[in-house]
Structure formats: C-alpha cells, structure tokens
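For reference, the structure is listed below as structure tokens.
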Amino acid sequence: MGAGVANGDGPLDVIIVGAGISGIGMAAHMQAMCPDQRYLVLDRRERIGGTWDLFRYPGVRSDSDMHTLGFVFEPWRHEKSIADGPSILEYLDRIADERGIRPHIRFGTQVIAGNWDSSAGLWRLEVDTPEGPRTLETRFVYLGSGYYDYDDPYDAQIPGKADFAGQIVHPQFWPDNLDYTGKTVVVIGSGATAVTVVPAMAAKAAHVTMLQRTPTWMASRPARDGIANFLRRVLPEKLAYRLTRYKNITMQSLVFHRARTRPDKVKAFLTKQTQSMLGDHYSATDFTPPYDPWDQRLCLIPDGDLFAAIRAGKANVVTDHIDRIDATGIQLTSGRHLDADVIVTATGLTMTMAGKIAFSLDGVPIDWSQHYYYKACMFSNVPNLAAVFGYLNASWTLRADIISDYVCRLINLMAERNLAVATPVLPADHDLVEDDPFDFSSGYIARARHLLPKNASDMRWRLNQDYVRDRAWMKNDPIDDGVLRLDPAPAALPQEVLEAAE
Ligand SMILES: Cc1cc2nc3c(=O)[nH]c(=O)nc-3n(C[C@H](O)[C@H](O)[C@H](O)COP(=O)(O)OP(=O)(O)OC[C@H]3O[C@@H](n4cnc5c(N)ncnc54)[C@H](O)[C@@H]3O)c2cc1C
C-alpha cells in the first residue's frame, strides 16, 4: 500500500521539497512506513534527480561508491560501483515508478517562502507553479532541497573574461552543443568536477590542462568493485548488497579515521600511488597539497583515468595563479601563458540553506545561523520541519536514509498520539558548548560557514559526522526524549522565538 496522494482538500500531512536523492528517499520511506499520510514532493525542475539532472558535463559521475550512495532499501545492480549520471537517474526513476511515488510529485513548482502559523499549527508555503502562484498548507515540511545554489555557482571573479575570444563554460550549466573536438582546453579547478572533466574531455580535445591554485589529495580505485560483483553472482541480491555496504562503510570509516590519526601514513600511501601511476610525469608541486588528506574531501580517480590521460600526453596539471584571462587564453602570475580555445571554470558551488526559501515563524524570519541542529535534521525552536544535509566524509544517502526513517517514526508517533506539533525546545539560558563537526577546510564550506546552523558537543544538538555511531544513536535514542516538545494542539512558539520577535 502507498501513502495517500494529496487531493487538494485541507492541509497536507507532509510536503517534501526536492525530488533528488533526499526527496525521493523520503518519499520511498513515506510509502513504506506512513501509508496513510498525505504528502506531495515539490520540485522546481522538470524531472527527478536534482544534482544528477542538473550536472551534464562530460564524464559526470559519482565520486563515492553507489553501494552507499544508493539507498539502504534498494540494491544497486550495475556492474560499475562508481556510476555515471545517467545510471543514477535511471536508479531514481525506477524507484519512483516501482514504489508509486511519481503521482505525488509536482514538477516546475518552486517553494519561495514558508511561514509557520502557530495558532493553526501549520506551515503555509508560497509556491510558484506552472499555473501561477499558490499557497499550500502542510503540517510538516521535509527539505530535500540539497545544499547549493542552483542558479548561481561560485564566481571566482577572474578578471578579463569578456576579452576571451573562445568559449567559457561553467560545469553547472553545460551547453548541449559544445563541440571541443580537437580544441585546446583549460579547466580551472582541482576538485571532484575538475578531475572528472579533464580525462573525459581529453578523449576528444587536442589537449586539456588542469589549472589549479592548490593541489588536491587524489586516490585511485577501480570503478568496478570486484568483490561486490562476485557477491552479486553467488548470493541473493539483497544479502550481497548488504555485505558490500558493510564492507564499504567499514573501509571508508577506517580510511577517514586513519587520515585523521596518522595523516603522515596516509599522505605517504597516496603519494606513492600517484607516483607509481604517473611515472616520469609525477611532480611533487602538482600533487602535494598543503593540508592533510580528508581535511578536504579526497578526490577519487576511477581506474586512474586522470593519470592515464596525463601519461598519454593528452592532459597535464599546472599549479599557478591566474593574473587574467585575455583573448587567447590565461595569463599566469608566473609569467607563463596558457593558450585555450575553451575554458572550463570548475571553481565550485555556492552553498545555500533550505532551498533559498524565505522561512519565518509567525512572520519572524528564520536566521538558520542562530539555530542549533537537533538530531542532525531538525532545528532548535523550529516546529515540524526537518532537512537533509549528507555526510562530508561518507556518502550523502547514508544520512538521508537515517533521517527519513527518523522523521517517518516521528510522524507515526504524532499520528498515534494525536499530536499536532513537535518542537526541539532550546531555552535561551542553555549551557550547550558550541562545536564544529565540519572541521573541513573545503572552500565552499568556509565561504558559507556564517549561514550554517550551529552545532554543540552534545549528540542531540549536532550534525555529527560518524555514520556508524549516528545510525545506532538515531535508532536507539527515544523520539520522545524530553527535549522534543510534543503538543496535542497548536501551541505558542517557544519563549525564545517570541522574545527574538520583540
Ligand atoms: C557534481 C556532483 C557530484 C556529487 N557526487 C557525490 C558523490 O559521489 N557522493 C556523495 O555522497 N555526494 C555527492 N555529491 C553531493 C550530492 O549533491 C548529493 O550526493 C545528492 O545528490 C544530494 O541530493 P539531494 O536530493 O539532497 O539534493 P539535490 O540533488 O541538490 O536535489 C535538490 C532538489 O531540490 C530542488 N529544490 C531546491 N530548492 C527548491 C525549492 N525552493 N523549491 C522546489 N524545489 C527545490 C532542486 O531543484 C533539486 O531537484 C555530488 C554533488 C555534485 C554537485
């Protein structure tokens, strides 16, 4: 049986914002765990997939394995564990169709604003739909709206763009008809996107240079997981998937902890691997970052594809600073000039909170940076709202799965006890000790830190970054924990919110 499709009569039980991995994952949990709840999934785009629909640059692929970027409830069946964008979309589409989710989705529907009306115990969402603006009422909001700005990627403010005679492309808005066959390409950046696009473009371009200001730690591993494929051949599909997930989660956790406790050992291992893959093409300047592995996300090089392109003379890496773009390419501060027909600015994302929706509580705007995370998905003194922010040191979906399960259990408990409002109440005179589970130096996080909710050392009030511990904790810690205020009827907002409004 599936959850009820909203028919427009009265408030909905849940509105899920976003039809990407997080939104589809929550919808699948609703279908399985909350069959009587009326919900809709709203997405401003025209199809399922979010990130995997938006990004269409050559070679677009996951940089974590699909046995953990896949959902706990749906085995990943492809041979390749490091998957391309289209096969991730196919996986999400199949889940939406097989589980009866698609009739709940409203595409081309952007949530602009949301106000909690405490006297009615409801969220009112202002929504742009293909038929014009609408107001939708819902008891609970679930944000699967991702973590970055779909309209404005990070602008690295490189001077001289207007002077360039060739084409400048941003990976977030890849033109359908870009033909770079036989052309000279410079890709600016050194993150996951740059290391993906460089070998993919090198297959057709005359030559591709990856121009970086700072090197990134890279690790090569096979795109096909031999153990996973063997297990799938000899065991029932679901068991094989569970074992592969267990293996990958354990390995990821071990590597991360090793990088944090013995960075010297991990640096030596990665350096040796890169040296052996590049041979004479290795240069310490281009492959030795000034930070420790996992201070920023490790860049995955599937089957050593970037290193193979460099060895074949089709690609190279330059570490330098940009002075300006000119008519024929890029002038570097060292005096060197890189000629280019096409420049790809893989300079990163702009992080945003809550899908850029202007949220308020009884008309008072919410400033997320003044709220603490609660149970890694709700926020101090904000009723009936949860959001997904995946792991930085593991696959995003591991967190999305835990949170969907938690929120569905919360919704069921509220239905069983006839409760209207769930608010994680944090008094103004709390004694929480602020902490930073995001001790990552990645540029996109550093740039957005002032917007992000607060974290404390107390497990309840943080977005913890340890999947194995978090999964057990979220399952075992009671929902009715004495902190989450559960009201049977619409209730006044916590005193702290009222005081902030005065
Ligand atoms: C190129 C790239 C590669 C990545 N690779 C990996 C990886 O290998 N492993 C990993 O763990 N993570 C990876 N990530 C992070 C990745 O974004 C997540 O894994 C995951 O796809 C996020 O899913 P999501 O559903 O939370 O958000 P998104 O995929 O961003 O989807 C959000 C959806 O919400 C919609 N939306 C947003 N705001 C509104 C609004 N106001 N109204 C209506 N709709 C709205 C958007 O249109 C979108 O469809 C990658 C990110 C990028 C950019």
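The values are calculated or read from the model by the stated rules, or taken from the named source; none is laboratory data. On a predicted model such as this, the values are computed, not experimentally measured, just so you know. Note: ideal-geometry Cβ built from the backbone for every residue, glycine included; neighbour counts use all protein chains shown. Heavy atoms of the whole protein, side chains included, go into the accessibility calculation; ligands, DNA and RNA do not. Shrake-Rupley method; radii C 1.70, N 1.55, O 1.52, S 1.80 Å.
The table for this structure:
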read-out: Å² of accessible area per residue within the chain, as computed with a 1.4 Å probe and no ligands counted; value: 42 Å²
read-out: Partner lysines for K80 [C-alpha distance under 24 Å; skip if fewer than 8 residues away on the same chain]; value: K204, K238, K247
read-out: Gyration tensor (alpha-carbon) shape descriptor, the stretch 375-422, a/c threshold 1.5; value: oblate
read-out: Ranking by accessible area, most exposed first, for M459, M26 with a 1.4 Å probe; value: M459, M26
read-out: Point-to-point label distance, A446-E98, nm (Cα→Cβ direction, 7 Å offset); value: 4.3 nm
read-out: V483 accessible area, assembled protein chains, probe 1.4 Å, Å²; value: 30 Å²
read-out: Pair T271, R485: separation of 7 Å Cα→Cβ label points (nm); value: 5.6 nm
read-out: Exposure rank, largest accessible area first [S81, S145; 1.4 Å]; value: S145, S81
read-out: For the stretch 1-122: rounded, prolate or oblate by the Cα gyration tensor [a/c cutoff 1.5]; value: prolate
read-out: Cβ-based net charge around Y147, under 12 Å, with every Lys or Arg adding one and every Asp or Glu removing one; value: +1
read-out: Exposure ranking of D53, D323 by accessible area [1.4 Å probe, largest first]; value: D323, D53
read-out: Karplus (6.51, -1.76, 1.60) ³J(HN,Hα), θ = phi - 60°, over the stretch 49-66, in Hz, Gly and Pro reported as x; value: x, x, 3, 7, 8, 5, 8, 10, 6, x, x, 3, 7, 6, 10, 10, 6, 6
read-out: Global form of the stretch 196-235, assessed from the alpha-carbon gyration tensor, a/c cut-off 1.5; value: oblate
read-out: Loop trypsin sites (Lys or Arg not before Pro), the stretch 54-96, which have at most 16 other Cβ atoms in a 10 Å radius of their Cβ (DSSP); value: R56, R77
read-out: Two-site FRET efficiency, R221 against D292, from Cβ-Cβ distance with R₀ of 22 Å, rounded to 0.05; value: 0.65
read-out: Potential extension, A312-D339 segment - 0.36 nm per residue separation minus Cα distance; value: 7.7 nm
